[in-house]
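Taken together, the values in this text are just the output of simple stated rules run on the coordinates, not laboratory data. It should be emphasised that the depicted structure is a prediction, and the values quoted were computed from it without experimental measurement. Cβ sites come from the backbone with ideal geometry, for glycine too, and all protein chains shown count toward neighbours.
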Amino acid sequence: MPRKDFQRIRSNAGELVKRGEAIVEVGVPPGTAAEYVEEVRKELKKFGDALTKFNEHASAGTDDQLKASFASVHDSFEMLAAMLPRKK
């Protein structure tokens, strides 16, 4: 995002959404501690909702909308990554 290359983001949006939806489809990863399952489910829902909004903005939104929805997808993805079970 530092270059604000919105055209490039728009042209690659389909692939990002496709890969993001695959993450949502997998659901809660095996090995997730029982006390975190519901929290991961909620974050997966937020991630899916963010992907939907990003997809809308990539095809018909303003650059500001695209920037905000891209940031939302990124932030939600980072939250999910932080929740992944760690191998010992």
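Figures for the structure shown
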quantity	calculated
Difference of contour (0.36 nm per residue) and Cα-Cα distance, Thr62 to Ala34	6.0 nm
Of Lys18/Lys67; Lys4/Lys42; Lys4/Lys45, pairs whose Cα-Cα distance is over 25 Å	Lys4/Lys42; Lys4/Lys45
With Cα atoms, 0 to 90° folded angle of helix 37-60 axis to the chain main axis	10
Reachable aspartates and glutamates from Lys87, criterion Cα separation under 20 angstrom, eight or more residues apart if same chain	Glu35, Glu39, Glu78
In Å, descending, principal axis extents of the Cα set of the chain	41, 21, 18
In degrees, nearest ten, helix 63-83 long axis to first principal axis of the chain (Cα)	20
Within segment 6-83: Cβ-based charge dipole about Cα centre, in debye rounded to nearest 20 (Lys, Arg +1; Asp, Glu -1)	240
Positive minus negative residues near Leu44 (Lys, Arg vs Asp, Glu; Cβ under 13 Å)	-2
With Cα atoms, 0 to 90° folded angle of helix 6-26 axis to the chain main axis	20
Extension gain (nm, one decimal) between Lys45 and Ala82, 0.36 nm per residue minus Cα-Cα	11.8 nm
Charge sum, other residues only, whose C-beta stays under 14 Å from Ala60's C-beta, Lys/Arg counted +1 and Asp/Glu -1	-1
Of the trypsin sites (Lys or Arg not before Pro) in segment 1-87, those whose Cβ has at most 16 other Cβ within 10 Å and which sit in DSSP loop	Arg3, Lys4, Arg86, Lys87
